[in-house]
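Contents: one structure, followed by commentary.
The values are calculated or read from the model by the stated rules, or taken from the named source; none is laboratory data. Just so we're clear, the structure is a prediction, and the values are computed from it rather than from any experiment. Cβ: placed from backbone, ideal geometry, glycine included. Neighbour counts: every protein chain shown. Surface accessibility is based on the protein's heavy atoms, side chains included, excluding ligands, DNA and RNA. Shrake-Rupley method; radii C 1.70, N 1.55, O 1.52, S 1.80 Å.
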Protein chains: 2
Amino acid sequence: MIKRVPKLYCEHLNKLKIDRRLPTAELLAKLGIVSYPHSGLVNWTKTGLLTLDKISSIIRKSLDSRGYEELRLSLLSHKDAWVTTERWFHKDFFKIKDENFLLVPTAEEPITEHMKRALESYKQLPLTYYQINQKFRKEKRARGGLLRGKEFLMKDAYSFDVDEASALKTYEDMTGAYHEIFQNIGVSYVRAQADSGSIGGEMSHEWHLSNETGEDTIFTCDSCGHVSNIEKTLSLPTDEQLQNWGSGDVSVAYFTNNKRDTLVCAYYPADRVLEPKFLLSEIPDLDITDARPDSEKVQQFETMSEADMNASVVRVMDARLNSRSNFPDFPIKFANRSMITTLTDVPIVSANEGEVCGECEDGTLTKSKAIEIGHTFYLDDKYSKPMELKIDVPTEKGIDKRYVKMGCYGIGVSRLVGAVAEINRDDGGLRWPRSIAPWEVTVVSDHDSSKIDEMVEQLSRLDYRWDDRNEPIGKKIRESNIMGIPLVVVLGKNYPVVEIEVRGTMDTTAREQIKQASIDAAFHWEIAPQDHNHPAKHFVDKDHLVHVVNKILVHL
Amino acid sequence: MIKRVPKLYCEHLNKLKIDRRLPTAELLAKLGIVSYPHSGLVNWTKTGLLTLDKISSIIRKSLDSRGYEELRLSLLSHKDAWVTTERWFHKDFFKIKDENFLLVPTAEEPITEHMKRALESYKQLPLTYYQINQKFRKEKRARGGLLRGKEFLMKDAYSFDVDEASALKTYEDMTGAYHEIFQNIGVSYVRAQADSGSIGGEMSHEWHLSNETGEDTIFTCDSCGHVSNIEKTLSLPTDEQLQNWGSGDVSVAYFTNNKRDTLVCAYYPADRVLEPKFLLSEIPDLDITDARPDSEKVQQFETMSEADMNASVVRVMDARLNSRSNFPDFPIKFANRSMITTLTDVPIVSANEGEVCGECEDGTLTKSKAIEIGHTFYLDDKYSKPMELKIDVPTEKGIDKRYVKMGCYGIGVSRLVGAVAEINRDDGGLRWPRSIAPWEVTVVSDHDSSKIDEMVEQLSRLDYRWDDRNEPIGKKIRESNIMGIPLVVVLGKNYPVVEIEVRGTMDTTAREQIKQASIDAAFHWEIAPQDHNHPAKHFVDKDHLVHVVNKILVHL
């Protein structure tokens, strides 16, 4: 069977002006890869599905090889479990009218329920399951079609371990799978330490594609290489900041601990943004969710401290401050000096570009924008505890009833399509990496269809589509390039010499290696020079097409 | 990579008593193929996914080869289109709370919207699209897990043609694909003429698997071979019925036409069920949806007929009645004979087994129970008209603005899994046809894992899973048989002689052919006799495993 381009391939293209200012979401729709039936919703055509399926296959390969098992959970999930975990009333979840179901936004609750039915013994652990299917969230800012949608395709995996050591080993193993997946897709990505947000748990990392249009901010240290989300980046002042800033204005924010017997005064430069979570490393029982106004916190503490011998005050000074700084007045009239502790040199504000890395205390931080494409979480017993996923573990002291230690791991599959399209496009349209291009080679021919018949056996060894539309050859080549297909093969007037045209420019190393391959070839392989306006063209006898295509494709 | 059975394979089996009385839905869950998080909802484990994916591949092969194109429409669909087609208030559709979306129950509206955006010219037609994804319906009688669920996997296809002739050609082409699909799955099925129900349109056929547990009733003619759903089966009385029944009691039901100037009196045997739709073949403008009581219809007609010269009465006599029958009194006091028409010998009641086929008026009807697994509809312009999917078609008289002619075609993919499991199971558990078995061969070995290492290259040419659990060989063989896997290969104490055990009994022809293959083989191939308690066992040297397995599998 000859594989043809989709029926309505490039149908709207004649009305399209390719321009960097055209949003990628719109470009994808004009090229017929997706359509948007409504804000935040997406229909995938054959072309789009081919890319989605390639990403899914790359993901499956890495996960299956590690013994993780695929499954597919129902997209509707009953209220009960979500009430147990206190997520039923989450404002971003779609609920079904007149029913006790929601549309799954993520699947910690359903998978934990599934495991409660299936798990019989600790000996079955560790177990990791994954699925690739739709998820649903109310996105008010439905942004750019694929990047932020009400319905999206997601790979979500969940791991179950007998103890923390084993769970962290699984987390590392999954981290290895993620590196492999993004390397196989062939995009440059970073893993950043991240805040766990509403999913919760002990530890998490975000996986990003660096891009100036991204909505996330990440920092990278040029010395230790540590990468983190802005919400997790600890920073120290530069020498210059310390010398020049000292006498600047200081802001203060007040907190109490959970018991409310400690008042914490957080001092930080007035022109910076306090990150209350950073205080937790010094004062783990700090209540950063306490929404009372500062004055009320102070007053309550003052009243209490007059009676309570345990009352204490902790002053935390951001690392950028020094004694010359212009501190505000202490808020409590009487202040027994013995109840006051002062901590200095603690980083408690969001990092700025150029500051010193708080991890290694040596390197310089670089700030960049990025598009999040994955997130991994170590959940500990955040879900297994309320949902009572417990196992009996025999120990020296007898049977120990333990909550199963969980992890969860997401990759935004449809988001990845939008992110790669955004990052790789150029003035000439889309440009897919070979790994996830809808197809690797577009074949165009003149009106003599016998050429295609002669080539069909060779073509069957390639990932190709034949553009059999009744259109001029030049138009078909342009449209394949706009669509971002890596190569075009022309069966034209020079046949049996065929022409192979490369989408976009290649770097010098790749060009040198291909040139060497052409010299080493036992047949005539001619290469026309490459410049920005004229991509490289290769001419070979039809019998050598597959060999040459494969030599070029390894670089794409 | 050695392929292993799923991690929790047969985990609950030790608690399971295999018994014909155990409902298939429950059996599938106990075997870990699916689980039910809630009534009408299904989770698919790896084992179940393997079967789902095989069915999907068989479907894709037949549809792709006909040039039909896959796509994937959003599962959420906005209210507007469904209001246009007057389906928004359908009681069986799930709507999203506080939003104007529903969860797609079928996708005529979204695909028609998609085509309105994509279609530019009549020259692009015919086009047929399909998708394999979830659908959602409120099922009050959520029956047997996979057969009737709130969420199910469905293949739905939609065709678009320029005129009726072309649309009917597409319908026939799709019918060919359906025959091919069900033949490739290897189930015995029937296609029955059917009523179009709430999807609507001009013509439809149901596709069924015959089974006594089915909830549908179909009739088959032993002469012309016509098959139809009970709602579409026209039947004529047997000679015996005509002679013996004549003087029985007669019931009557009253209808009017749309204009309400004709009263239709439908007479039928009191012990039978009237099928009002059958009256439409004689009186096409009959209003069978009119829910007024008979007395009201009669009275309104009587009042009207006194003034209106066009008033008429049509008396329709079911074919089973004759002049000796015991007719009720005529309801209208004055009856101008010239306004009365009488039609006799019209079949207007649901068929009974043994009656004469109304199509060929010759053969005898057989009644059987069946499970519906597919439905094909010719929709005409039922959706394109309200949604205004129009195209300009040049004709001799100028440009003709036409509504696109549509068809829609469903296969219940998850339903098919439940139906085949139900129909093929026996006293020993499930029994999958080779085509959709989760895997074709279970390999079991003793504790010497070097045997598997030696066999791995051969096994890679088979669709196998290795049961590597630390369990006795006999238990693993039994469990593979209960799971319905076609073959078990034992690498045991006779190794390098391996044993191949067949699930269930084979028919004589298959046995003879396999016996002949064993005689023709250039190596020693021993077959142990087969009876009901002891399935056939084959013994061959390990080097010939693939050859023998393939010779056996063609019969499964």
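A few comments on the model shown:
- Apart from one condition, A:GLN131 fits all of (1) part of a helix (DSSP H, G or I); (2) within 17 Å of B:GLN134 (Cα to Cα); the exception is (1).
- Remark: B:ILE230 falls outside the filter, which requires a residue to be free of Cβ contacts under 8 Å to residues at least 40 places away in the same chain and within 30 Å of B:GLY363 (Cα to Cα).
- Residues that are open to solvent by 70 Å² or more (accessible area, probe 1.4 Å) and touching a residue at least 40 places away in the same chain (Cβ under 8 Å) were ranked within segment B:112-125; the one that is farthest from the other protein chains (Cβ to nearest Cβ) is B:TYR122.
Yes/no matrix, rows are residues, columns are (1) over 30 Å from B:GLU353 (Cα atoms); (2) at pLDDT below 85; (3) open to solvent by 20 Å² or more (accessible area, probe 1.4 Å); (4) in a loop (DSSP other than H, G, I, E, B):
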position: B:LEU263; (1), (2), (3), (4): yes, no, no, no
position: B:TYR267; (1), (2), (3), (4): no, no, no, no
position: B:ARG292; (1), (2), (3), (4): yes, no, yes, yes
position: B:LYS297; (1), (2), (3), (4): yes, no, no, no
position: B:MET304; (1), (2), (3), (4): yes, yes, yes, no
position: B:ALA307; (1), (2), (3), (4): yes, yes, yes, yes
position: B:ARG315; (1), (2), (3), (4): no, no, yes, no
position: B:LEU321; (1), (2), (3), (4): no, no, no, yes
position: B:PRO331; (1), (2), (3), (4): yes, yes, yes, yes
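- Candidates B:LYS135, B:LYS155, B:LYS95 - the one that is at pLDDT 95 or above, more than 12 Å from chain A (Cβ to nearest Cβ), touching a strand residue (DSSP E or B) at 6+ places or on another chain (Cβ under 7 Å) and closer than 29 Å to A:ILE33 by Cα: B:LYS155
- Inter-residue pairs, beta-carbon under 6 Å, first in a helix (DSSP H, G or I) and in segment A:543-556, second open to solvent by 60 Å² or more (accessible area, probe 1.4 Å), 6+ apart: A:VAL546/A:ARG461; A:LEU553/A:ARG434
- The set of residues in segment B:394-409 being over 19 Å from B:GLU120 (Cα atoms) and buried (at least 24 other Cβ atoms within 10 Å of the Cβ) consists of B:GLY407, B:CYS408, B:TYR409.
- Of all the numbered requirements in (1) within 19 Å of A:ARG66 (Cα to Cα); (2) open to solvent by 10 Å² or more (accessible area, probe 1.4 Å); (3) in contact with an Asp or Glu (Cβ under 8 Å, 6 or more places away or on another chain), A:ARG191 misses one, and that requirement is (1).
- Scan of segment B:333-356 for residues that are in a loop (DSSP other than H, G, I, E, B) and either hydrophobic (A, V, I, L, M, F, W, C) or under 44 Å from the mean Cα position of the chain (by Cα) (or both), ordered by number: B:PHE334, B:ALA335, B:PRO347, B:ILE348, B:SER350, B:ALA351, B:ASN352, B:GLU353, B:GLY354, B:GLU355
- The condition of being closer than 30 Å to A:GLN124 by Cα, part of a helix (DSSP H, G or I) and in contact (Cβ under 8 Å) with a residue 12 or more places away in the chain holds for A:LEU63.
- From B:PRO6, B:PRO37, B:PRO23, residue being of a type outside the set (Val, Ile, Thr) and out of contact with any Ser or Thr (no Cβ under 8 Å at 6 or more places or on another chain): B:PRO23
- Candidate set from segment B:51-69 (those that are surrounded by fewer than 20 Cβ atoms within 10 Å (Cβ to Cβ) and closer than 29 Å to A:HIS78 by Cα); member that is nearest to the other protein chains (Cβ to nearest Cβ): B:ASP53
Each row is one residue, and each column tells you yes or no for (1) out of contact with any Lys or Arg (no Cβ under 9 Å at 6 or more places or on another chain); (2) within 20 Å of B:ILE58 (Cβ to Cβ); (3) surrounded by fewer than 16 Cβ atoms within 10 Å (Cβ to Cβ).
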| site | (1), (2), (3) |
| --- | --- |
| B:VAL413 | no, yes, no |
| B:LEU416 | yes, yes, no |
| B:GLU422 | yes, yes, no |
| B:ALA437 | no, yes, no |
| B:ASP448 | yes, no, yes |
| B:MET455 | no, no, no |
| B:TRP466 | no, no, no |
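- Within segment B:225-253, being open to solvent by 20 Å² or more (accessible area, probe 1.4 Å), over 13 Å from B:GLU355 (Cβ atoms) and in contact with a helix residue (DSSP H, G or I) (Cβ under 9 Å, 6 or more places away or on another chain) holds for B:GLU231, B:LYS232, B:VAL252.
- Test: residue in segment A:472-485 that is within 30 Å of the chain's Cα centre (by Cα), surrounded by 15 or more Cβ atoms within 10 Å (Cβ to Cβ) and not in a helix (DSSP H, G or I): yes
- Every condition in (1) assigned to a loop (DSSP other than H, G, I, E, B); (2) of a type in the set (Gly, Ala, Ser); (3) at pLDDT 95 or above is met by A:SER166 except one, and the failing one is (1).
- Boolean, B:THR376 is open to solvent by less than 10 Å² (accessible area, probe 1.4 Å) and among the hydroxyl-bearing types (Ser, Thr, Tyr): yes
- Restricting A:GLU172, A:GLU180 to those that are touching a residue at least 24 places away in the same chain (Cβ under 8 Å) and either part of a helix (DSSP H, G or I) or open to solvent by 20 Å² or more (accessible area, probe 1.4 Å) (or both) reduces the list to A:GLU180.
- Taken as a whole, segment A:116-124 holds no residue that is within 30 Å of the chain's Cα centre (by Cα) and among the hydrophobic types (A, V, I, L, M, F, W, C).
- Just one of the listed residues (A:GLU501, A:GLU479, A:GLU471) is modelled with pLDDT of 90 or more and touching a helix residue (DSSP H, G or I) at 6+ places or on another chain (Cβ under 6 Å), and it is A:GLU479.
- Taking the criterion of being closer than 21 Å to B:LEU63 by Cα and not β-branched (Val, Ile, Thr), the residues of segment B:75-117 that qualify are B:ALA107, B:GLU108, B:PRO110, B:HIS114, B:MET115.
- The residues of segment B:2-32 that are in contact with a helix residue (DSSP H, G or I) (Cβ under 6 Å, 6 or more places away or on another chain) and either basic (Lys, Arg) or within 9 Å of chain A (Cβ to nearest Cβ) (or both), listed by number, are B:PRO6, B:LEU8, B:HIS12.
- Applying a threshold of 9 Å to beta carbon distances and a minimum spacing of six or more residues, or different chains, the list of pairs starting in segment B:304-323 at a residue that is more than 17 Å from B:ALA270 (Cβ to Cβ) and ending at one that is crowded, with 21+ Cβ neighbours inside 10 Å and of a type in the set (S, T, N, Q) reads B:ASN310/B:THR262; B:ALA311/B:THR262; B:ALA311/B:SER305; B:SER312/B:THR262; B:SER312/B:SER305; B:VAL313/B:THR262; B:VAL313/B:SER305; B:VAL314/B:THR262.
- Residue that is farthest from A:ARG148 (Cα to Cα) [pool: residues in segment A:70-92 that are in contact with a Ser or Thr (Cβ under 9 Å, 6 or more places away or on another chain) and more than 9 Å from chain B (Cβ to nearest Cβ)]: A:THR85
- Taken over segment A:10-50, the criterion of being within 30 Å of B:LYS46 (Cα to Cα), part of a helix (DSSP H, G or I) and either without any contact (Cβ under 8 Å) to a residue 24 or more places away in the chain or open to solvent by less than 10 Å² (accessible area, probe 1.4 Å) (or both) is satisfied by A:THR47, A:GLY48, A:LEU49.
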